[in-house]
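Okay, structure first, notes after.
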Amino acid sequence: MPVGLSYAQVIPQGVPNKSAPVVYIPIVLRRKAMQVAWARAPREICLSLSDRASRMNRLRARRPRSSSSMARQLLWLALGLLLASSAADAATANYTFTVQSMRINQLCNSTDIIAVNGQLPGPTIDVFEGDEVVVDVVNASPYNLTIHWHGIMQLLTPWADGPSMVTQCPIQPNSSYTYRFNVAGHEGTLWWHAHSSFLRATVYGPFIIRPRNGAQAPFPVPDQEVPIVLGEWWSRNVVDVENDAVMSGQRPVESDAYTVNGLTGQLYPCANETFTAVVQPNTTVLLRVINAALNTHLFVKVAGHNFTVVAVDACYTANYTTDTLVLAPGNTVDALIFTGAAPGSYYMAVQPHDTLSPSTLATSDDDSTATAILLYNGMPATATPAMPTMPNSSDTTTANDFYFGLRGLAAEVPSPVDVSMTIELGLGQLPCDATQTNCNGKSFAAAMNGVSFRAPTEISLLEAQFNGNPAGVYTTDFPDSVPPNGTVMVEGTRVRSLPYNSTVEIVLQNPLAVPAENHPIHLHGFNFFVLAQGLGTFTPGNTSAYNLVDPVARNTIAVPTGGWVVIRFLANNPGMWFFHCHLDAHVPMGLGMVFAVENGTTPNSMLPPPPDDLPMCKPGPKRRHEGSPPPAPAPAPEKKTPHLSPPERPEAAEDPARAGATRSGRDEGQRRRVTTLCLLLLGLMLGPSFHFVS
């Protein structure tokens with residue numbers, strides 16, 4: 001095995017032969033001897049908006065020096081400037097995603113799925129904070145699709161965000177699109193996934209962003225890290241699952257199993273594979289846990305071990321110790337575990353958390369349990385794993401204790417509030433429309449403030465905003481408050497316009513109606529502070545419950561059944577940003593809306609034009625955008641930028657230890673600087689007799 005890597009094993013289960021094949025999957029082993037000596041204080045990277053400008057020391061008065069000494073000093077100064085210039089060149093990580101059909105044998109079925117590069121989960125994007133990321137997506141599948149980079153704020157790159165018909169038309173079969181964006185202001189675990197139809201069930205993968213050299217995470221450096229991607233599995237085509245639900249106006253059928261890194265584990269009938277992570281005793285392991293499940297909240301436990309949560313949604317938290325992780329669809333959790341238990345084999349168990357109310361509507365099966373194995377090095381693969389005691393599927397107390405108990409690091413919350421909204425989340429019914437051929441009178445529907453969202457069909461919302469021509473595409477009359485009782489749900493493409501740099505506070509209210517369900521609400525383009533959350537009905541003006549000191553920051557928040565959440569963010573990222581439930585079954589039902597953030601007054605606060613290869617909604621020639629974006633609005637009052645939204649893009653330091661990406665960006669200018677640097681070094685060695693002529 002190569003040095004510097006640890007390995008996880010995929011061990012076939014239920015095979016009596018002890019010599020059964022073992023598949024080794026490399027996972028990162030972070031040896032302390034390989035770490036960079038970090039000198040900076042811990043940073044809230046997902047919230048940091050500092051200008052990161054370096055400071056120069058004042059020159060002290062010194063006695064006169066000889067010309068040779070002065071020459072050497074100037075050479076050293078030039079050398080330092082060149083080194084700084086060279087280190088500031090941003091790296092570019094290049095990936096190619098080929099999306100196509102593949103066949104998987106699972107649960108005694110051979111199922112055709114859509115996947116990226118023949119992998120489930122798909123390939124890991126592994127980069128450093130501040131890097132440029134370029135992903136060529138080739139659609140070799142029979143379906144329209146887009147890719148969303150979940151949690152990436154896309155500062156001034158809204159064309160790369162990905163939600164179908166919000167920021168782009170889908171990539172059609174036998175077509176491609178190149179996503180280009182920067183990951184400045186991010187550290188931790190995020191993920192990417194399809195953002196069109198139910199393809200997200202199998203088109204997903206981890207997105208890991210590491211601190212740049214000189215930066216430090218606010219927790220001990222782990223000895224090993226293991227990505228844990230949780231998913232759902234259907235033994236049939238998931239596009240057909242969605243189409244059947246839409247055509248009938250009913251909820252989609254439940255999944256057949258849950259998965260850990262694409263495998264169900266050995267507790268399901270006909271299961272024959274499980275993901276096994278081999279760990280060293282008495283070490284610290286970082287688990288990067290991602291809930292990529294389509295429609296299910298999940299409980300996660302490891303027998304005999306506790307977790308220390310250090311980040312959620314790639315935003316650092318105060319250390320939070322628990323024996324149970326709770327993740328809504330879309331959430332990520334970075335958690336440390338210490339392998340100090342007796343050497344052995346331990347199940348990581350994953351079970352659904354059913355939030356439907358009344359409980360008689362619950363459909364999840366407590367016996368549906370995906371498993372992975374934490375195997376201490378030196379123990380036989382055939383050792384019987386210990387099983388943790390799992391919560392009941394309807395255990396909302398455990399879930400709320402986890403969500404309500406998290407705290408962030410000390411933060412500067414944006415203030416004062418410029419835009420205040422209350423948004424009620426509702427499930428209901430609408431009359432079947434003409435396209436729902438199997439619908440019987442009424443169709444399940446969902447709405448925010450009584451408006452059931454419908455995406456446009458001819459042009460994306462972002463293109464209409466950029467062109468300054470929303471007529472016939474969207475209106476800007478999304479309501480700021482809950483409609484009166486008895487108001488009939490309506491369909492529409494209504495957005496809420498936000499002035500650039502405005503502070504937005506939203507109360508999300510999830511009433512205890514019939515039916516009701518915990519809704520994980522995801523905001524594109526921003527992180528937000530979670531100021532307060534609770535059960536019952538929020539009392540307007542009750543700011544005494546707000547945490548303005550160390551609120552947790554997220555991009556996806558689980559709004560409890562019969563409860564509420566208060567969030568706040570700074571709207572300093574122009575574009576069209578989807579705000580929607582991350583239960584995918586609720587998206588076609590209409591549980592979403594869009595924020596239209598207006599342009600600012602400076603060039604770096606205005607929408608850039610679309611890239612030339614942005615997909616067209618209908619086949620045709622490639623677009624060419626030669627005009628300018630719409631004029632900026634009148635200048636808004638200056639406001640100190642708080643620690644919340646994406647920063648000005650800092651350039652990333654070069655680091656030869658990059659894994660998983662092709663590097664680029666060494667342009668001719670950088671080569672000239674390297675040549676000059678070599679000449680200066682030569683001059684330093686030769687002394688004052690050396691004369692450099694540029």
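The values are calculated or read from the model by the stated rules, or taken from the named source; none is laboratory data. Computed from a prediction, not measured in an experiment: that's the story for all the values here. Glycine also receives a Cβ, built like all others from the backbone with ideal geometry; neighbour counts cover every protein chain displayed. Note: areas computed on protein heavy atoms with side chains; ligands, DNA, RNA excluded. Shrake-Rupley method; radii C 1.70, N 1.55, O 1.52, S 1.80 Å.
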Exercise for the section: Would you check if there is a residue in the stretch 350-371 being open to solvent by less than 20 Å² (accessible area, probe 1.4 Å) and at positive phi? Expected result: no
Exercise for the section: Please enumerate the residues belonging to the stretch 585-608 that are over 22 Å from Gly468 (Cβ atoms) and either part of a loop (DSSP other than H, G, I, E, B) or of a type in the set (Val, Ile, Thr) (or both). Expected result: Val587, Pro588, Met589, Gly590, Leu591
Problem - Only listed residue being open to solvent by 10 Å² or more (accessible area, probe 1.4 Å), within 26 Å of Asn261 (Cα to Cα) and in a strand (DSSP E or B), chosen from Pro227, Pro220 - result: Pro227
Practice task
Just one of (1) part of a loop (DSSP other than H, G, I, E, B); (2) modelled with pLDDT of 95 or more; (3) open to solvent by less than 10 Å² (accessible area, probe 1.4 Å) trips up Pro611, so point out which.
Solution key: (3)
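Each row is one residue, and each column tells you yes or no for (1) free of Cβ contacts under 8 Å to residues at least 40 places away in the same chain; (2) hydroxyl-bearing (Ser, Thr, Tyr); (3) open to solvent by less than 40 Å² (accessible area, probe 1.4 Å).
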residue: Thr384; (1), (2), (3): yes, yes, no
residue: Ser393; (1), (2), (3): no, yes, yes
residue: Phe402; (1), (2), (3): no, no, yes
residue: Glu424; (1), (2), (3): no, no, no
Practice task
With the condition kept exactly as written, say whether any residue in the stretch 258-272 is aromatic (Phe, Trp, Tyr) and surrounded by fewer than 21 Cβ atoms within 10 Å (Cβ to Cβ).
Solution key: no
Practice task
With the checklist (1) assigned to a strand (DSSP E or B); (2) touching a Leu at 6+ places or on another chain (Cβ under 8 Å) in hand, flag the one item Ser176 doesn't pass.
Solution key: (2)
Exercise for the section: Go through the residues of the stretch 115-127 one by one and say whether even a single one is buried (at least 22 other Cβ atoms within 10 Å of the Cβ) and either touching a Lys or Arg at 6+ places or on another chain (Cβ under 9 Å) or among the hydroxyl-bearing types (Ser, Thr, Tyr) (or both). Expected result: yes
Exercise for the section: Could you please find all residues in the stretch 426-456 being open to solvent by less than 50 Å² (accessible area, probe 1.4 Å) and part of a strand (DSSP E or B)? Expected result: Gly426, Leu427, Gly428, Leu430, Ser443, Ala445, Ala446, Ala447, Met448, Val451, Ser452, Phe453
Completion exercise
Val559 meets each of (1) on the phi < 0 side of the Ramachandran plot; (2) open to solvent by 10 Å² or more (accessible area, probe 1.4 Å) with one exception, condition (2)
Completion exercise
Residues in the stretch 300-328 that are assigned to a loop (DSSP other than H, G, I, E, B), of a type outside the set (D, E, K, R) and surrounded by fewer than 24 Cβ atoms within 10 Å (Cβ to Cβ) total 5
Problem - Residue, modelled with the lowest pLDDT, within the stretch 404-418, restricted to residues that are buried (at least 18 other Cβ atoms within 10 Å of the Cβ) and over 17 Å from Asn331 (Cβ atoms) - result: Ala411
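Looking at this structure, is Ser110 open to solvent by 10 Å² or more (accessible area, probe 1.4 Å), over 30 Å from Ala215 (Cα atoms), modelled with pLDDT of 95 or more and not in a loop (DSSP other than H, G, I, E, B)? Explain how you work it out, then say what you get.
Details: open to solvent by 10 Å² or more (accessible area, probe 1.4 Å): yes; over 30 Å from Ala215 (Cα atoms): yes; modelled with pLDDT of 95 or more: no; not in a loop (DSSP other than H, G, I, E, B): yes.
For Ser110, the condition - open to solvent by 10 Å² or more (accessible area, probe 1.4 Å), over 30 Å from Ala215 (Cα atoms), modelled with pLDDT of 95 or more and not in a loop (DSSP other than H, G, I, E, B) - is not met.
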Problem - Every residue from the stretch 199-217 that is open to solvent by 20 Å² or more (accessible area, probe 1.4 Å) and among the β-branched types (Val, Ile, Thr) - result: none
Exercise for the section: Would you check which residues across the stretch 485-508 are farther than 21 Å from Arg251 by Cα, in contact with a Gly (Cβ under 8 Å, 6 or more places away or on another chain) and open to solvent by less than 50 Å² (accessible area, probe 1.4 Å) and list them? Expected result: Asn501
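So in the stretch 146-173, with the set limited to residues that are assigned to a strand (DSSP E or B) and polar (S, T, N, Q), which one is most open to solvent (accessible area, probe 1.4 Å)?
Ser164
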Handout entry: Residue list for the stretch 145-191, filter: in contact (Cβ under 8 Å) with a residue 40 or more places away in the chain, under 17 Å from the mean Cα position of the chain (by Cα) and on the phi > 0 side of the Ramachandran plot
Key = Gly151, Gln154, Gly185, Gly188
Handout entry: Exclusive hit being assigned to a loop (DSSP other than H, G, I, E, B), among the charged types (D, E, K, R) and either touching a residue at least 40 places away in the same chain (Cβ under 8 Å) or closer than 24 Å to Thr384 by Cα (or both), set Arg288, Arg251
Key = Arg251
Exercise for the section: Output the qualifying pairs, or none if there are none: Cβ atoms under 9 angstrom, residues six or more apart or on different chains, first residue in the stretch 516-543 and closer than 17 Å to Phe404 by Cβ and part of a strand (DSSP E or B), second residue modelled with pLDDT of 95 or more and among the basic types (Lys, Arg). Expected result: Phe528/Arg554; Phe528/Arg568; Phe529/Arg554; Phe529/Arg568; Val530/Arg554; Val530/Arg568; Leu531/Arg568
Practice task
Take Ser443 and decide whether it is of a type outside the set (A, V, I, L, M), more than 30 Å from Pro158 (Cβ to Cβ) and in contact with an Asp or Glu (Cβ under 7 Å, 6 or more places away or on another chain).
Solution key: no
Handout entry: Ile423, sole failed condition from (1) assigned to a loop (DSSP other than H, G, I, E, B); (2) at pLDDT 90 or above; (3) not small (Gly, Ala, Ser)
Key = (1)
Fill in the blank from the handout: Considering the stretch 468-481, residues that are surrounded by fewer than 18 Cβ atoms within 10 Å (Cβ to Cβ) and touching a residue at least 40 places away in the same chain (Cβ under 8 Å), and then whichever is farthest from Pro170 (Cα to Cα), we arrive at Ser481
